[in-house]
Amino acid sequence: MKKIASFTVNHDILEKGMYVSRVDGDVVTYDVRMKKPNQGDYLSTGGMHSIEHLFATYARNSEWTDDVIYVGPMGCRTGFYLLVRDKMSHKEAIELVRQSMQFIVSFDSEMPGGKREECGNYLDHDVPEAKAVAADMLTVLENWTEEDLKYKE
């Protein structure tokens, strides 16, 4: 079998940040890397779950609602994938992620989709961790530019 693109990225040199993972037709997949891989510091399932609910809710309610295809966690628990239509520029995608992280940092309400009938694991949330990770990502992405979206080799 052919190796999938994300497995060809050298995870030993991958840093926290935001990268273009792949482009398929009019769909751009961004790698929103919140933890440095293979360092023993990973997102907890509760923190990751809270980030997922909040990140997806914000992105899907932004001005880009019709262009956001998917927001979801990586199985390795080091970040998220954001899939969008290519009508959104890279600069706008970076800004959307920054705004989403700010939303998480400032979040102080009932968890969207947090009721038993709305979620398959509604009790497994860690909002304080989600806020801490989002605050860290705001620092990481503070001066992030389109040139930074390329994986280092």
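Between Ala132 and Ala5, what FRET efficiency follows from the Cβ-Cβ distance if R0 is 35 Å, with the result rounded to 0.05? Before the final figure, lay out each step's value.
Values: r = 30 Å, r/R0 = 0.86.
Calculated transfer efficiency: 0.70.
About its Cα centre, what dipole magnitude does segment 17-142 give when the only charges are +1 on Lys and Arg Cβ and -1 on Asp and Glu Cβ, stated in debye to the nearest 20? Each step should come with its number before you reach the end.
On the way: 13 positive and 20 negative charges, 59 e Å.
With only Lys, Arg, Asp and Glu charged at Cβ, the dipole is about 280 debye.
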Mean-square fluctuation maximum in Gaussian network of the chain, Cα pairs under 10 Å, restricted to Lys91, Lys35, Lys16, hits Lys91
Out of Ser109, Ser44, Ser89, a Gaussian network model of the chain with alpha-carbon springs under 10 Å gives the largest mean-square fluctuation to Ser109
FRET efficiency for Leu123 and Glu147 from the Cβ-Cβ distance with R0 = 41 Å, rounded to 0.05, comes out at 0.45
Along segment 115-125, Karplus-curve 3J(HN,Hα) (6.51, -1.76, 1.60; θ = phi - 60°) to the nearest Hz, with x for Gly and Pro, reads 8, 3, 6, 9, 9, x, 8, 5, 8, 9, 10
Listed by chain and number, the residues whose amide H is under 5 Å from that of Met74, excluding neighbours fewer than 5 places away on the same chain and using placed H, are Gly79, Phe80, Tyr81
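Highest mean first, how do 17-26, 1-10 rank when packing is the count of other Cβ atoms within 10 Å averaged over residues? Intermediate results must be reported in sequence, preceding the final value.
Details: 17-26: 15.0, 1-10: 9.0.
Sorting 17-26, 1-10 by mean packing, highest first, produces 17-26, 1-10.
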Among His53, His90, His11, the residue with the largest mean-square fluctuation in a Gaussian network model of the chain built from Cα contacts under 10 Å is His11
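Tally Lys/Arg at +1 and Asp/Glu at -1 over every other residue whose Cβ is under 11 Å from the Cβ of Met48; what's the total?
Numbers: positive: Lys35, Arg77; negative: Glu52, Asp124, Asp126, Glu129.
Once all neighbours under 11 Å are counted, the net charge is -2.
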Taking the chain and counting helices only, DSSP H stretches of n ≥ 4 at -39,500 (n - 2.57) each over all residues, the nearest-500 ellipticity at 222 nm comes to -10000 deg cm²/dmol
Subtracting the Cα-Cα distance of Gln99 and Arg60 from 0.36 nm times their residue separation yields 12.8 nm
Quick calc: nm separation of the 7 Å Cα→Cβ label points for Thr139 and Ser106 -> 2.1
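Sort segment 1-69 into rounded, prolate or oblate with this rule: let a ≥ b ≥ c be the square roots of the eigenvalues of the Cα gyration tensor; rounded if a/c is under 1.5, and if a/c is not under 1.5, prolate when a/b is larger than b/c, oblate otherwise.
oblate
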Here the tail fraction of P(r) beyond 26 Å, over all Cα-Cα pairs of the chain, rounds in percent to 22
Treating only Lys and Arg (+1) and Asp and Glu (-1) as charged, each at its beta carbon, one finds that segment 53-121 has a dipole about its Cα centre, in Debye to the nearest 20, of 240
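Since every read-out is calculated from the coordinates, none of them should be taken as a lab result. Predicted, not measured: the structure shown is a model, and the values here were computed from it. All Cβ positions, even for glycine, are placed from backbone atoms using ideal geometry, and neighbour counts span all protein chains on display.
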